[in-house]
Each structure stands twice: as C-alpha cells, then as structure tokens.
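The values are calculated or read from the model by the stated rules, or taken from the named source; none is laboratory data. None of the values given here were measured: they were computed from a predicted structure. Virtual Cβ from ideal backbone geometry, glycine too; neighbours counted across all protein chains shown. Heavy atoms of the whole protein, side chains included, go into the accessibility calculation; ligands, DNA and RNA do not. Shrake-Rupley method; radii C 1.70, N 1.55, O 1.52, S 1.80 Å.
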Amino acid sequence: HFKGRVSVALPTDRTLLRVALLPSTDAAELRGMAELQTDKFSPFPVESVAAGAEVLEAAGSSSLVAMAVVRREDVEAVGQAFQGAGGLPDAVDVEILGWWRGVKTSGRIPAHGSQLLLRLAPGGVEALVVRDGVPLMFRALPGPRPDGSGEDAWVAECVEELADSLTALETEWGGTGAPTLHVFHAPGAVPACAERLRSAL
C-alpha cells in the first residue's frame, strides 16, 4: 500500500543511452521516431530489450531526446521485486538521468559553454557532456577496484574511453573546444581518484 508515486532507477552501466535531435514535438510521433532510432543503435534483438525515451529540451519543431535501451530481463527482475512487495513502480528511470535532473534544477551547471561532468558513484564512474545547459552524451565508465589496486591502468582506461567518446561527439554534434571538467562525489574528503582523473584528463 504505497502512498504517492514509486520510481525505480536502473543502473547506468546496464543501459545503452543515446541523445538525438528528432524533428517533432508531438509525443506520439516522438515515440515512433525514438523506437526507430533505438533499433539502429541497439546491438540486441528487439524482442529481448525494453526501450524508453525522454525529451530533454524542445525548441521550435524539434526535440532533443534521450533514448534508453535495457535488456528486458533486467526490467523484469525489478518488476518481480516490486510485485513481491505488493505493487509495481509507476516509473522506471536510469540513475544518470535522475541525477542529471537533480543537478540541473540545483542551478550548478552553467547555461553556456561545454562541460564534462564526472559522477563518482559506488559502482563506477558516470560521465555527461553538457553543451549550453543541455546534455548530449551519457556514459558509464568502469569504477576503480575497491582495494585501490591497478589505479594507473583504471585511470588510463577511463581517459581513453572519454577521449573516444568526445571525438565521436564532436563528429556528430560539431566541436566547441575542450569542455571544462566538473567532478562530483559524496560529501567529505575528495577521493584520491578524483584528482588523478582530473590531472589525466
């Protein structure tokens, strides 16, 4: 007997996320367009995945849309857990999208320029590239080992993956120079890996 709305967020590293500019602002049209787009970028058979889309920004006759693809078995596992508790969630989200909405409404993101946001989460690192206040890329990166070993290799892997992602982003959306870097982490002392990532990037 839940009161209010119940939402569950799937881990970012279990989803494929892509941002696209679609030529419509109509909800029904956008749903169809997003389905066509997800079929193109998802490597999984269509019957084995669940997909969703969210409008990030609408202007004129176009909408910037975040599209997510997740394996159906992951969604069903969440559903079974909630069914066991006597109800189903009203909404299924992705961790990084929920975090982005919180950061955006806090007013901490500049309205102009390009920013690379790194979120150091317990399970790994999440990256967003934001341009003029709008996210163009969401990415899950591997996390450091809990015992702290292999940090040099981990930092090098993160930097290489981000460099590849930024190159792909520039090809798709055009370049505006190097983004400023913002590292988010839990309150308290700055994790040592945050400074390592900042220096390497």
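Tabulated data
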read-out: From the options T171, T180, T105, residue that is in contact with a Gly (Cβ under 8 Å, 6 or more places away or on another chain) and at negative phi; value: T180
read-out: Neighbours by Cβ (under 6 Å, 6+ apart or cross-chain): first from region 175-192, modelled with pLDDT of 80 or more; second of a type in the set (S, T, Y) and open to solvent by less than 60 Å² (accessible area, probe 1.4 Å); value: P179/S114
read-out: Odd one out for S63, checked against (1) closer than 22 Å to A140 by Cβ; (2) modelled with pLDDT of 90 or more; value: (1)
read-out: Breaking point among (1) at positive phi; (2) of a type in the set (G, A, S); (3) at pLDDT 85 or above, for G86; value: (3)
read-out: Residue count for region 139-173, restricted to those that are part of a helix (DSSP H, G or I) and either crowded, with 20+ Cβ neighbours inside 10 Å or of a type outside the set (S, T, Y) (or both); value: 20
read-out: Selection count, region 97-116, where residues are touching a helix residue (DSSP H, G or I) at 6+ places or on another chain (Cβ under 9 Å) and over 17 Å from E57 (Cα atoms); value: 1
read-out: Number of positions in region 84-122 that are among the polar types (S, T, N, Q) and either in contact with a Ser or Thr (Cβ under 6 Å, 6 or more places away or on another chain) or surrounded by 11 or more Cβ atoms within 10 Å (Cβ to Cβ) (or both); value: 2
read-out: Strands (runs of 3 or more DSSP E) enclosed by region 11-108 - at least 1 residues per element that are without any contact (Cβ under 8 Å) to a residue 40 or more places away in the chain and of a type in the set (G, A, S); value: 49-59
read-out: Residue list for region 66-83, restricted to those being at pLDDT 90 or above and either open to solvent by 40 Å² or more (accessible area, probe 1.4 Å) or at positive phi (or both); value: R71, R72, E73
read-out: Test result for V49, open to solvent by less than 60 Å² (accessible area, probe 1.4 Å), under 28 Å from V103 (Cβ atoms) and not basic (K, R); value: yes
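A quick yes/no check of all residues on (1) within 22 Å of P11 (Cα to Cα); (2) over 16 Å from the mean Cα position of the chain (by Cα); (3) open to solvent by less than 50 Å² (accessible area, probe 1.4 Å); (4) not polar (S, T, N, Q):
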| position | (1), (2), (3), (4) |
| --- | --- |
| M137 | yes, no, yes, yes |
| T180 | no, yes, no, no |
| A186 | yes, yes, no, yes |
| S199 | no, yes, no, no |
